[in-house]
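The values are calculated or read from the model by the stated rules, or taken from the named source; none is laboratory data. Given the structure is predicted, the values throughout are model-derived calculations rather than measurements. Cβ coordinates were reconstructed from backbone atoms using ideal geometry, including for glycine residues, and neighbour counts include every protein chain displayed.
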Amino acid sequence: MNPSPRNGRGFWGDLVLVLALAIGAGWFLFRITTQVPYDWNWPALLPYLVRTEPELAPGLLLQGMAQTLRLSLWGGLGAIVVGTMGGLARVSHSPFWRLLSGVLIQGVRNTPPLVLVFLGYFFLADQIPWLATAQHAARQTTGLWRLLLECAFGPVGQLQSLLAAASILGVMEGAYVAEIVRAGIQSIPRGQWDAGYALGFSKGQILCHIILPQALRVMTPPLAGQGISTVKDSAIMAVISIQELTFQGMQLMATTYRTFETWIAVAAIYFVLTATLSSLAHAVERRLERGQEV
Amino acid sequence: MCAVLLGSSAPLHAEGSLDAILQRGVLRVGFDTFVPWAMKDTNGEYMGFEIDVARKLAEDMGVSVEFVPTKWSGIIPALLAGKFDIIIGGMGITPARNLKVNFSQPYEFSGMSIVASSQLAPHRSRLEDFNTPETVLAVKTGATSVAAAQKFMPKANLRLFDDEAQALQEVLTGRAHAMVASAPFPEHQAARHKERLYLPLAGQTFTREPIGFAVPKGDHDFLNFLNNWITVMNAQGWLEERYAYWFRTLDWESRLR
Amino acid sequence: MTLLSRASWSLWWHSPLCVGVRVILTLAALGWIVVRGAEGLGYSWQWSRLWPHVGTWSAAGFTPGILLHGLGVTVQISLLSLAAASLTAVALALLRLSPSPLSRLFSRAVIEAVRDTPLIVQIFLLYFVVAPIVGLGRLPTAVIALGLFEGVYAAEILRAGILAVPKGQWEAGRSLGLSPWHLWTRVIFPQAVRAVLPALVNQGVSLIKDSALVSTIAIYDLTMRAQALVAETFLVFETWFFVAALYLLLTGSLSWVASKLQGPSSLNSLPGGCYAPSCLTGSRVRRASRKFGSPAR
């Protein structure tokens, strides 16, 4: 659709845009070269990406990226669990569950993530004793188990804080997933329920075998978007010292004082991460659409 | 069900933390990046004065050490919440903090120092010069530098940052007149950025603060162990030797880059 | 007899009043467990120490404490950023719909770059890298960062709204001889905005919530004040619960105002709102055509 078809305006608009961009870029370059002296030193950042001594290994930033991915993975899984429960409660027949889940979901959605993170970190995380138990059990592992554990959860010493952060992230994102699940279930025509009842299925059976498989197709695009948001939202966990990418960026800045290079690199890594995930999600979506047509 | 879940965590904290550490075989140490107290080298390993102290302490206890980097502004709540067993991070002993945690005897002394922007606040040589409403001072959230700045320069505006690099950046870019931090951080920075920073007090500190280990309240056995460990280390001259390496030389800088 | 009473009991049990009371009781029980849990961990609640930081009553009247000052800064930043976000959103949405491929490319690039990085990293990047180069202050940096971030999301919402305006509206407007300015401001935007109002309000709520992140660059907003207070007094839970309540009050009142604007139907609206043309209520279209006179006359 093309709301303003007059070509002349398009040309002048382009000219103005190009001029504005050129002036902006020129001024920026002028400031950076003459007004604000900064000795760029990109090679200094290299050992923090990939270190070569004593052996080839991921550096601080790549370790942080791995931890970001782990945190997002477990947080995302938590969000699906929380969101499914919340979404089902939102479409429940009982007004009690509808109202209770509605209040809790709105409460989470209307509180700043930063405040939720502080509350969760200092408060709720300590009240879940199995976190400490898991940490203790993880310390006892050796050999292959240890390797697998470190692949999935990162350094064993940070297991407890990682799980706590993933739980908080799960609740934060789960509040949004719940609405996606609710919309997905409600998008299925009532007739499907009636047909299920007529065939003598129980409510749970209808949900599992008829409603959710169909709803999943509707829910996939927004769920993928929420998954990508989870990667970005995990950055906030830096404030409670989870050693993910943003936190490592802060640490790097604190030790090397290479402020400019550090933050440009961190932003670039996030960009690559989420852009890759978005294109993956798009590919899956197209695959699904094609599947639907056949 | 919730009550059961919640209730069972209480005994974990109630038993002595010394026993818990020995049983676990791991000493969890809370700290934050303060150059040269604790920082990361190019290999991603922690190094610094406090890191040496923590390693030695764990070695003498016969346990391994685990470092838990934590934002300074939330470090005492995190200790109380059981995120780690002890703070070894150059924490100054203050009465307000002592109401919440137990401190060991001091194992080193530190003092506040000030570094100023030569462009924004040139030719100042006394603290009173900074005690004006126009002055912006950058400090680290939750550090004793906040109290020191408030006490000696009550009229100045304070800007709180989560770490010292951010606060320093503020002075370097000319958005703050000066930064207050524990020596020798300001001295090192003034030496590194000679053309943009200078030391108004010529490297003199204006406070003297005892630094101790912080542990949760309740376990006096642990406190007794820590106090005597410090006495022994002082007698051996180990603490003095390490202190000299980290604070009077710059030999360690090559490990940073 | 028992059957009847069971039926009436069930009716009463599911009545709105009873459901409300049950939900409140459940929430209170959850809260009690949380409070007791903290005491089990050896935490002593000291709410009385928090109040002086909220505000004090004296003979001279009420003096707001640092937390209320912080709330004021949060409101101020939110309002400024809201204005910045609106400008960004309109500009980017128009560029995105423009016939020129260059404009479309530019707006796509901005939107993708902003959407694919976390806000906290953008704030750091703007504050520590761009601001010193360009010479921006702290507050403008925060407003630009927030305005750009929320504006990009709002731009996509607005674009969907503009696309949802039926083609006939454009044609009608043009055939009436409306100038492009009048066509946009009187016909297209009012309908587009109305179609996506719930989603825009959600974005506004996000803006207030995300403004908490500017505390990381030492702006004395509510979150920064709370952090400093916690570091000073160690009143961890009291402070954070109180601050959470203040934020809820802010975001809740925005949602409430928006629901009043929109009418009752928006109460249950989804994030993303309704993009379908059928969502456009006829009244606004009618009002627009009444304003400009109908072509039949």
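Numerical summary
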| read-out | value |
| --- | --- |
| Residue match in region B:113-123 (condition: within 14 Å of chain C (Cβ to nearest Cβ) and surrounded by fewer than 22 Cβ atoms within 10 Å (Cβ to Cβ)) | yes |
| Leading residue by the ranking (nearest to the other protein chains (Cβ to nearest Cβ)) among those in region B:153-201 that are assigned to a loop (DSSP other than H, G, I, E, B) and of a type in the set (D, E, K, R) | B:163 |
| Top-ranked residue in region C:131-174 [being surrounded by 19 or more Cβ atoms within 10 Å (Cβ to Cβ) and of a type in the set (Val, Ile, Thr); ranked as nearest to the other protein chains (Cβ to nearest Cβ)] | C:133 |
| Residue in region B:79-103 that is surrounded by the most Cβ atoms within 10 Å (Cβ to Cβ), counting only those that are within 15 Å of the chain's Cα centre (by Cα) and not β-branched (Val, Ile, Thr) | B:91 |
| Members of region A:27-74 found to be part of a helix (DSSP H, G or I), free of Cβ contacts under 8 Å to residues at least 40 places away in the same chain and more than 9 Å from every other protein chain (Cβ to nearest Cβ), listed by number | A:29, A:30, A:33, A:34, A:43, A:46, A:62, A:73 |
| Residue in region A:252-264 that is without any contact (Cβ under 8 Å) to a residue 40 or more places away in the chain, more than 17 Å from residue B:41 (Cα to Cα), out of contact with any Asp or Glu (no Cβ under 8 Å at 6 or more places or on another chain) and not acidic (Asp, Glu) present | yes |
| Residue ranges of helices (runs of 4 or more DSSP H) in region A:75-150 with at least 1 members more than 9 Å from every other protein chain (Cβ to nearest Cβ) and among the aromatic types (Phe, Trp, Tyr) | A:95-109 |
| Helices (runs of 4 or more DSSP H) fully within region C:25-125 counting 3 or more residues that are loosely packed, with under 14 Cβ neighbours inside 10 Å and within 14 Å of another protein chain (Cβ to nearest Cβ) | C:101-115 |
| Matching entry among C:172, C:145 (being within 20 Å of residue C:91 (Cα to Cα) and either part of a helix (DSSP H, G or I) or among the hydroxyl-bearing types (Ser, Thr, Tyr) (or both)) | C:145 |
| Failed condition for residue A:263, given (1) at pLDDT 90 or above; (2) buried (at least 22 other Cβ atoms within 10 Å of the Cβ); (3) more than 12 Å from chain C (Cβ to nearest Cβ) | (3) |
| Out of B:165, B:178, B:116, sole residue that is at pLDDT below 90, outside the structural domain of residue B:84 (by TED's automatic domain parsing) and of a type in the set (A, V, I, L, M, F, W, C) | B:165 |
| Per-region count, region A:171-184, residues within 11 Å of residue A:91 (Cα to Cα) and either within 16 Å of the chain's Cα centre (by Cα) or crowded, with 20+ Cβ neighbours inside 10 Å (or both) | 5 |
| Tally of residues being closer than 13 Å to residue B:31 by Cα and in a loop (DSSP other than H, G, I, E, B) across region B:72-102 | 7 |
| Residue within region B:115-132 that is among the aliphatic types (A, V, I, L, M), in a strand (DSSP E or B), more than 19 Å from the chain's Cα centre (by Cα) and over 28 Å from residue B:237 (Cα atoms) present | yes |
| Matching entry among C:26, C:63, C:88 (being of a type in the set (Val, Ile, Thr) and closer than 19 Å to residue C:220 by Cβ) | C:63 |
| Condition broken by residue B:227, with the remaining ones in (1) in contact with a Ser or Thr (Cβ under 6 Å, 6 or more places away or on another chain); (2) crowded, with 21+ Cβ neighbours inside 10 Å satisfied | (2) |
| Matching entry among A:198, A:235 (being modelled with pLDDT of 90 or more and more than 27 Å from the chain's Cα centre (by Cα)) | A:198 |
| Qualifying positions in region C:184-235 - in a helix (DSSP H, G or I), within 30 Å of residue B:79 (Cα to Cα) and of a type in the set (A, V, I, L, M, F, W, C) | C:212, C:213, C:214, C:217, C:222, C:224, C:226, C:228, C:229, C:230, C:231 |
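Results for (1) touching a Cys at 6+ places or on another chain (Cβ under 7 Å); (2) surrounded by 24 or more Cβ atoms within 10 Å (Cβ to Cβ); (3) closer than 22 Å to residue B:96 by Cβ, shown as yes or no for each residue.
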site: B:143; (1), (2), (3): no, yes, yes
site: B:147; (1), (2), (3): no, no, yes
site: B:150; (1), (2), (3): no, no, yes
site: B:159; (1), (2), (3): no, no, yes
site: B:170; (1), (2), (3): no, yes, no
site: B:177; (1), (2), (3): no, yes, no
site: B:188; (1), (2), (3): no, no, no
site: B:197; (1), (2), (3): no, no, no
